[in-house]
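Some notes on the structure that comes next.
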Amino acid sequence: MTLPDLRARVGSFTLSRKFPLSLKTIVRRVPPLSQPKCRILCVDDHKDTSDMLSLLLAQEDYEVVCVMSAKEALSLAAAEEFDLYVLDKRLPDGDGLGLCLKLNELTPNVPCMFYSGDAYEIHRHQAMEAGAAAYVAKPDIESLIENVRKLLADKECAATAGQ
């Protein structure tokens with residue numbers, strides 16, 4: 001995705017490498033969305049990546065919760081319902097592979113996918129062996145969104161299950 005495409009997708013603010021505007025400022029400029037389709041838990045220790053994922057996936061009409069560690073992810077996954085986990089491979093308190101294994105044990109019907117800077121085939125293979133349903137190398141945002149759509153296409157989501 002090119003920078004002009006990203007600007008068109010998220011609104012009329014200026015992007016820099018560090019996303020200088022706060023998420024509150026950005027969210028105020030995003031038009032209100034309909035009821036979220038599905039709930040996604042994103043686990044990434046880089047705040048700028050988490051903010052970007054939250055914004056872009058919210059634009060796709062998903063409810064997004066972001067945490068920065070495996071411990072937070074496991075705690076939240078045990079307490080709340082999610083429809084998809086988007087994981088980074090490298091986390092401050094462990095790796096995404098171990099987290100994927102634990103999440104698959106805790107919530108076997110919720111798929112995990114990786115969005116990671118580790119882009120070699122061996123990394124993709126390791127993720128699939130750990131139980132991941134998809135692996136997207138950063139910064140391929142279009143593939144990320146496409147894989148999220150595929151994984152959630154036929155799913156009755158937590159946000160709508162009680163309606």
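When the residues of segment 139-152 are filtered to those that are surrounded by fewer than 17 Cβ atoms within 10 Å (Cβ to Cβ) and over 12 Å from Glu60 (Cβ atoms), which remaining residue is modelled with the lowest pLDDT? Working first, answer last.
Here is the first cut: in segment 139-152, the residues surrounded by fewer than 17 Cβ atoms within 10 Å (Cβ to Cβ) are 139-140, 142-143, 146, 149-150.
When the remaining residues are screened for being over 12 Å from Glu60 (Cβ atoms), the result is 139-140, 143, 150.
Numbers: Pro139: 90, Asp140: 93, Ser143: 95, Lys150: 95.
Result: Pro139.
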May I ask you to list pairs of residues, at least six apart or on different chains, whose Cβ atoms are under 8 Å apart, with the first in segment 128-148 being of a type in the set (Phe, Trp, Tyr) and the second being assigned to a strand (DSSP E or B) and crowded, with 16+ Cβ neighbours inside 10 Å?
Tyr135/Met113; Tyr135/Phe114; Tyr135/Ser116
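For the condition out of contact with any strand residue (DSSP E or B) (no Cβ under 9 Å at 6 or more places or on another chain), under 21 Å from Ala70 (Cβ atoms), of a type outside the set (Phe, Trp, Tyr) and surrounded by 14 or more Cβ atoms within 10 Å (Cβ to Cβ), what is the one hit in Asp88, Asp118, Asp95?
Numbers: Asp88 fails: out of contact with any strand residue (DSSP E or B) (no Cβ under 9 Å at 6 or more places or on another chain); Asp118 fails: out of contact with any strand residue (DSSP E or B) (no Cβ under 9 Å at 6 or more places or on another chain).
The conditions single out Asp95.
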Please state which of the following conditions Asp45 fails to meet, knowing it meets all the rest: (1) more than 13 Å from the chain's Cα centre (by Cα); (2) of a type in the set (Asp, Glu); (3) assigned to a loop (DSSP other than H, G, I, E, B).
(1)
Give all pairs with beta carbons closer than 9 Å in which a residue from segment 51-77 that is without any contact (Cβ under 8 Å) to a residue 40 or more places away in the chain meets a residue that is basic (Lys, Arg) and not in a strand (DSSP E or B); count only pairs at least 6 apart in sequence or on separate chains.
Asp61/Lys37; Cys66/Lys47; Met68/Lys47; Ala70/Lys102; Ala73/Lys102; Leu74/Lys102; Ala77/Lys102
Evaluate segment 86-100: report whether one residue or more is modelled with pLDDT of 95 or more, in a loop (DSSP other than H, G, I, E, B) and not aliphatic (A, V, I, L, M).
no
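The values are calculated or read from the model by the stated rules, or taken from the named source; none is laboratory data. Predicted, not measured: the structure shown is a model, and the values here were computed from it. Glycine also receives a Cβ, built like all others from the backbone with ideal geometry; neighbour counts cover every protein chain displayed.
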